[in-house]
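See below for the structure under consideration.
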Amino acid sequence: MGKNVVILAGGVGGARMARGFDALADVSTTVVVNVGDDDTIHGLNVSPDLDTVVYTLAGLEGPEGWGRANETWAAHEELGRLGLDNSFRLGDRDLALNIFRTLRLREGVPLSKVTAEIATAFGLTTSVLPVTDDPIRTKLLTDEWIDFQTYFVFRRHRDRVNDVRFDGLDQATPAPGVLEAISGSDLVVVAPSNPILSVRPIIETPGLRDALDAVKVRVGVSPLIGGKALKGPAGDILESLGYESNHHGVVASYEGLLTDLVIDESEEETQISGTRIHRADILIGDKESATRLAKEIISWMD
Ligand code: GDP
Ligand code: CA
């Protein structure tokens, strides 16, 4: 039987999980993506998580999971020569996409519509939706409040994060199609994205949580193995915000959202009250392993 699946996704971890469900013929997938990392770089509207999802679903992602494969860097080098801070790296192809998005947004087209245009241009059939068309900006309290990209790219996420806030979130409304996709879904999958930086701004967008809670099965895939993120600061941030850097912390940070959590098969069995725990191979760096995990998750529903 065909299933409708909604995936909540940040960038690389989200895109990898989305690619697995996208590959399943009898599953119709909608990916709802974080926009808290969006920013203005060289005057352009960048949406790094949306682009990572689109590039990955198109099979065109860069070697580290973000940006483009076979990228060239002529514009990046020239911007550096002109003395601009080019530490947020935009390759030539990526730059073209960001120019397109910026132009369309300036014409007054909402982000969800621009994203649909981009997805069509990349031949996608899976729908990719920003969680909201309204601007949300993630800020982190280190020694002082700083922007997401300052924290993540310019300072390479080395600062201790004492608090996180999402400017604009209280006033945001879900993008067209988001609530409809959730209420029409048989399964919500919380991708192995950064629980605080990528997933929280999605589930805290007004209206989302009630819609999500009405779906019977809500499966999270852990971004941690052995208490550590596979990449990036997910574990450290959980810890500095008072959660454990392990599966208990992941589940607690979602505040009752998950009915199920998938942890890696290499880990010991563990019990978390109120949440079913499954063990599986959660290393999903390539399409085949992501597809296998997606199939397995679907099979638990039958
Ligand atoms: P970002 O927005 O690009 O930083 O990416 P996300 O927030 O979507 O995902 C970052 C998280 O993905 C990190 O915490 C990683 O631990 C996790 N991650 C990356 N690759 C994998 C994988 O193959 N399996 C699992 N389980 N987690 C992964
Ligand atoms: Ca991100």
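For LYS139, a cut-off of 30 angstrom between C-alpha atoms picks up these lysines, skipping any fewer than 8 places away in its own chain: LYS113, LYS228, LYS231. Projecting the Cα positions of LEU95, LEU283, GLY62 onto the charge dipole of the chain (unit charges on Cβ atoms of Lys, Arg, Asp and Glu, taken about the Cα centre) puts LEU95 furthest along the positive direction. Label-to-label distance, GLU296 versus THR40, with points set 7 angstrom from Cα along the beta-carbon direction: 4.5 nm.
Using 0.36 nm per residue and subtracting the Cα-Cα separation, the extra length available between LEU60 and ASN162 on full extension is 33.1 nm. Against the chain, whose longest principal axis comes from its Cα atoms, helix 287-299 is set at around 40 degrees.
Taken about its Cα centre, the stretch 158-302 carries a charge dipole of roughly 180 debye when the Cβ of each Lys and Arg holds +1 and the Cβ of each Asp and Glu holds -1. Between VAL190, VAL161, VAL131, the residue with the greatest mean-square fluctuation in the GNM of the chain (Cα pairs under 10 Å linked by springs) is VAL161. Rounded to the nearest 20, the Cβ-based charge dipole of the chain about its Cα centre (Lys and Arg +1, Asp and Glu -1) stands at 320 debye.
For LYS216, a cut-off of 23 angstrom between C-alpha atoms picks up these lysines, skipping any fewer than 8 places away in its own chain: LYS3, LYS295. Length gained on full extension, ASP170 to LYS113, computed as 0.36 nm times the residue gap minus the Cα-Cα distance: 18.3 nm. The gain in end-to-end length when the GLU144 to LEU103 segment is fully stretched comes to 11.5 nm, 0.36 nm per residue minus the alpha carbon separation. In the stretch 200-288, Cα pairs under 8 Å separated by at least six residues give a relative contact order of 25 percent. Other residues within the sphere of radius under 15 Å centred on the Cβ of LEU230, judged by their own Cβ, net out at -4 (K and R +1, D and E -1).
Every read-out reported here was derived from the displayed coordinates using simple, explicitly stated rules and does not represent laboratory data. Please read these numbers as outputs of a predicted model, since none were measured by experiment. Note that we place each Cβ from the backbone using ideal geometry, even for glycine, and neighbour counts take in every protein chain shown.
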